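Quick notes on the structure that follows.
Values in this text are rule-based calculations from the coordinates and carry no lab data. Since the structure is predicted, the reported quantities are computational estimates derived from the model, not experimental observations. Every residue, glycine among them, receives a Cβ derived from its backbone with ideal geometry; neighbour counts consider all protein chains shown.
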Amino acid sequence: MLRESVRSLCEAKIAPFAAAVDEEARFPQEALDALVANDLHAVHVPETYGGAGADALATVIVIEEVARVCASSSLIPAVNKLGSLPVILSGSEELKAKYLGPLAKGDAMFSYCLSEPDAGSDAAGMKTRAVRDGDSYVLNGVKRWITNAGVSDYYTVMAVTDPEKRSKGISAFVVEKGDEGVSFGAPEKKLGIKGSPTREVYLDNVRIPADRMIGAEGTGFATAMKTLDHTRITIAAQALGIAQGALDYAKGYVQERKQFGKPIADFQGVQFMLADMAMKIEAARQLTYAAAAKSERTDTDLTFFGAAAKCFASDVAMEVTTDAVQLLGGYGYTRDYPVERMMRDAKITQIYEGTNQVQRIVMARNLP
Ligand SMILES: Cc1cc2nc3c(=O)[nH]c(=O)nc-3n(C[C@H](O)[C@H](O)[C@H](O)COP(=O)(O)OP(=O)(O)OC[C@H]3O[C@@H](n4cnc5c(N)ncnc54)[C@H](O)[C@@H]3O)c2cc1C
């Protein structure tokens, strides 16, 4: 029922704008409005804080369905979870009450600030500093590649509180867009997910109350990694949705397109491609849903499953979307058809929340 209702909403209110959002590289406001109106913008927020209280699997299905029509728009529910999960996992009751309510209502979005210009895969090599000063912390530094930066009101920021201790000297904070000293870079000009703004976040002597720290001092990196264990599954869902959208489009096209006097769907070479695409998508779906169940239960093998689902589903998305372009021939290579957008959008799922090389490192360290 959830899938059916999200799908019909997406078809009616999000799909019609997906091409324009990509072409104009603009924020998908229509999608945000539709998602908020239907309480689908941050479904993971627990009911205690005014949220829909969706479990990890339901959240995955929402993201998958939005991504099936518009990958950029699927970053609204996905990054709202990514940005706020550190608060949900490790924040004080006060922080939860203060920040999750507006998120659940649709009055505010949440971003996640881990990466820096010189600290990507090696996130613990970050340089952003937070220095205690009385009842405040003062933050200075640059966060890079921050999804929905500028649009979001709230930012979970990881910063170094003790440079001697590397990952154990990193703490997490909630920073607000309106805090003095917070500013944003120009939107990056990207290959895909062009409707999702990606910008630098500048922290210039940002003074925040000490109770904005998420969890204890020195636990920020552990919280950031624990968060990714859960949210990599939402990226798997995004990849899965993009791949399903490409397969659905290609499946229809090959029945219409005629060459050699018959629909190209009649050629076994074409049928085998479609069969492989559907097979890979279903394998990715089963792994992603299994990982979501592990996320819900916080199973001990969650780290492996989160990395495996993200890595596998994103590789599938890249293969399937590339094959969808192939099945449309020259037409697939143009912006008159949606599959080239899906191919460009799929690429990012192999890169963010840790590249697929990094996922393989994570899996190797956590073999079942
Ligand atoms: C559109 C977009 C949105 C993003 N959104 C966010 C966000 O909201 N918040 C956030 O914090 N970050 C975000 N990121 C950052 C993203 O997570 C990083 O780009 C990613 O982790 C890779 O870091 P990097 O770009 O510095 O690449 P690098 O770490 O420099 O990696 C370059 C290459 O080296 C490889 N490599 C690095 N180390 C190893 C190793 N040990 N073994 C094998 N290969 C290795 C990588 O796999 C990659 O192929 C976003 C990025 C993009 C492009």
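Considering only segment 1-36, state which residues are touching a residue at least 60 places away in the same chain (Cβ under 8 Å) and β-branched (Val, Ile, Thr).
VAL6, VAL21, VAL36
Might you check whether a residue that is within 16 Å of the ligand (Cβ to nearest atom), part of a helix (DSSP H, G or I) and small (Gly, Ala, Ser) occurs anywhere in segment 59-71?
yes
Is there a residue being closer than 28 Å to THR349 by Cα, of a type in the set (Ser, Thr, Tyr), surrounded by fewer than 20 Cβ atoms within 10 Å (Cβ to Cβ) and within 16 Å of the ligand (Cβ to nearest atom) anywhere in segment 124-143?
no
Checking PRO368 against (1) more than 16 Å from THR231 (Cβ to Cβ); (2) within 16 Å of the ligand (Cβ to nearest atom); (3) out of contact with any Ser or Thr (no Cβ under 7 Å at 6 or more places or on another chain): exactly one of these is not met. Which one?
(2) is the only condition that PRO368 fails.
May I ask you to list the residues in segment 144-181 that are small (Gly, Ala, Ser) and within 13 Å of the ligand (Cβ to nearest atom)?
Passing the criteria: ALA149, GLY150, SER152, ALA159, ALA172.
Quick grid of which residues meet (1) more than 16 Å from the ligand (Cβ to nearest atom); (2) over 21 Å from the mean Cα position of the chain (by Cα); (3) in a helix (DSSP H, G or I); (4) farther than 20 Å from ARG199 by Cβ:
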position: SER73; (1), (2), (3), (4): no, no, yes, no
position: ALA78; (1), (2), (3), (4): no, no, yes, no
position: GLY83; (1), (2), (3), (4): no, no, yes, no
position: ILE88; (1), (2), (3), (4): yes, no, yes, yes
position: LEU95; (1), (2), (3), (4): yes, yes, yes, yes
position: LYS98; (1), (2), (3), (4): yes, yes, yes, yes
position: ALA104; (1), (2), (3), (4): yes, no, yes, yes
position: SER121; (1), (2), (3), (4): no, no, no, yes
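Considering only segment 70-96, state which residues are over 30 Å from GLU23 (Cβ atoms), of a type in the set (Ser, Thr, Tyr) and touching a Ser or Thr at 6+ places or on another chain (Cβ under 9 Å).
Residues satisfying the conditions are SER84, SER90.
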